[in-house]
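The values are calculated or read from the model by the stated rules, or taken from the named source; none is laboratory data. None of these values were measured; they are calculated from a predicted model. Every residue, glycine among them, receives a Cβ derived from its backbone with ideal geometry; neighbour counts consider all protein chains shown. Remember, those area values only see protein heavy atoms, side chains included, never the ligands or the DNA or RNA. Shrake-Rupley method; radii C 1.70, N 1.55, O 1.52, S 1.80 Å.
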Amino acid sequence: MPTPLSLFNLLFIFISFSTSPYSAAAKTRNAPQDLVRSSCVHASFPNLCIRTLSSYAGPANTPRDLAQAAVKVSIARARRVSKYLDTLSGAKTKRERVALSDCVEQMYDSVDELSRTLGELKHLREETFRWQMSNAQTWVSAALTNEDTCLDGFHEVESEVKDGVKRKITNVARVTSNALYLINRLDESRGRPKLGH
C-alpha cells in the first residue's frame, strides 16, 4: 500500500503533466474547434455549420476567419450546383427547361455576390468597417434570395429533376444562411479580436 508521501508525489507528478506545455498545446489545437462550436450554436442550421466549418481546411482562428470560411463553403457549393444544373440541359418539358435556365442564372448571380462578399471580408478596415459589413450582408442576402427564387421556379414542375435540384439548392441556401449569421455575428463584435490581415 502506498504511503501518504508517495501518494503526494504521484499527485504532484499528475498535476505537473496536466499543466505541462503538452497540455497547453492540446488546448491550442482545440481552440479552432471550440470557436466553431461556440460560433455555430445559434446559427440557423447549427449541425451543418459545425460539420462544414470543422472540416474546413484553412485557418479559422477568429470570428473573421470563420465568416470567410463560411462564405467560401457557400461559394464552393453554389459552383457545384451550377455545374450540376448545366448537366440537366436535356429537360423534358418547356416549363422544366425554363426553370432550369433561370436557376442556372440565379446560381451564377449567387456565386458573384458571395465572391464580392468574400473580397470585402478579406479587406476589412476599421475606418470603413460598418460600410463594408453592410455590403457583405446585402450581397449574402441577395444570394439567399436568388436561391429561393430558383426553388420557386420549380414549384409548378413535376419531375424527378425537381427533387434533385431542390435538395441541392436547399443545401446551398442553408450554408449561405449560416454564412449570413456568422457575418452578422462578426458585425456585432465589430470584428474583435483585431481585424488583422
- Enumeration of residues in the range 157-170 that are crowded, with 18+ Cβ neighbours inside 10 Å and of a type in the set (S, T, N, Q): none
- Residues that are part of a loop (DSSP other than H, G, I, E, B), open to solvent by 50 Å² or more (accessible area, probe 1.4 Å) and either touching a residue at least 24 places away in the same chain (Cβ under 8 Å) or charged (D, E, K, R) (or both), drawn from the range 111-156: ARG125, GLU156
- Message: If I filter the range 76-94 for residues that are under 15 Å from LYS168 (Cα atoms), among the β-branched types (Val, Ile, Thr) and open to solvent by less than 20 Å² (accessible area, probe 1.4 Å), do I get at least one hit?
- Response: yes
- Note on the structure: The condition of being touching a Phe, Trp or Tyr at 6+ places or on another chain (Cβ under 7 Å) and among the acidic types (Asp, Glu) holds, among GLU127, GLU113, only for GLU113
- Which of the residues that make up the range 171-181 are open to solvent by 30 Å² or more (accessible area, probe 1.4 Å) and closer than 14 Å to ARG77 by Cβ? ASN171, ARG174
- Message: Condition (residue is in contact with a Phe, Trp or Tyr (Cβ under 9 Å, 6 or more places away or on another chain) and charged (D, E, K, R)) applied to the range 148-167: is it met by at least one residue?
- Response: yes
- Message: Is it the case, given these coordinates, that VAL98 is assigned to a helix (DSSP H, G or I), at pLDDT 95 or above and β-branched (Val, Ile, Thr)?
- Response: no
- Query: Of the numbered conditions (1) without any contact (Cβ under 8 Å) to a residue 24 or more places away in the chain; (2) touching a Gly at 6+ places or on another chain (Cβ under 6 Å), SER101 satisfies every one except a single condition; which is it?
  - Reply: (2)
- Message: Can you find a residue that is closer than 27 Å to PRO46 by Cβ and in contact with a helix residue (DSSP H, G or I) (Cβ under 8 Å, 6 or more places away or on another chain) anywhere in the range 123-131?
- Response: yes
